């Protein structure tokens, strides 16, 4: 499945389906039966990172989005802006640290990005 811009919805290889599949596989161990039902714990569910605030640049080459993972050490969620580069097929964090960053917005020339 592809979005109109040609960008795959599994930004950075971390779709929720992929993450759930990985957790289920790890929880089930090597001897998990094919038809055996395995459920995620509450801790595993709330540990899944969420993606929001997606904004595609006007030239269609980049996507800015907010990734919110759980930080169990600090007992907090942190919002950080990430950039996905279509031509390179990879993403990277634009912001890090203790301050939340949200609402990324590209400039009309697609060269700069503003966020709160």
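Before moving on, here are some points about what is shown:
- Apart from one condition, residue 65 fits all of (1) at pLDDT 95 or above; (2) part of a loop (DSSP other than H, G, I, E, B); the exception is (2).
- Residue 106 touching a residue at least 12 places away in the same chain (Cβ under 8 Å) and in contact with a strand residue (DSSP E or B) (Cβ under 8 Å, 6 or more places away or on another chain): yes
- Search result, residues across the stretch 77-95 that are in contact with a strand residue (DSSP E or B) (Cβ under 8 Å, 6 or more places away or on another chain) and exposed (fewer than 11 other Cβ atoms within 10 Å of the Cβ): 92
- Matching entry among 70, 64 (being surrounded by 14 or more Cβ atoms within 10 Å (Cβ to Cβ), farther than 27 Å from residue 42 by Cβ and within 18 Å of the chain's Cα centre (by Cα)): 64
- For residue 43: the one exception among (1) part of a loop (DSSP other than H, G, I, E, B); (2) exposed (fewer than 11 other Cβ atoms within 10 Å of the Cβ): (1)
- In the set (1) in contact with a helix residue (DSSP H, G or I) (Cβ under 8 Å, 6 or more places away or on another chain); (2) modelled with pLDDT of 95 or more, residue 70 fails one condition alone, (2).
The values are calculated or read from the model by the stated rules, or taken from the named source; none is laboratory data. Computed from a prediction, not measured in an experiment: that's the story for all the values here. Neighbour counts are summed over all protein chains in view; Cβ atoms, including those assigned to glycine, are modelled from backbone coordinates with ideal geometry.
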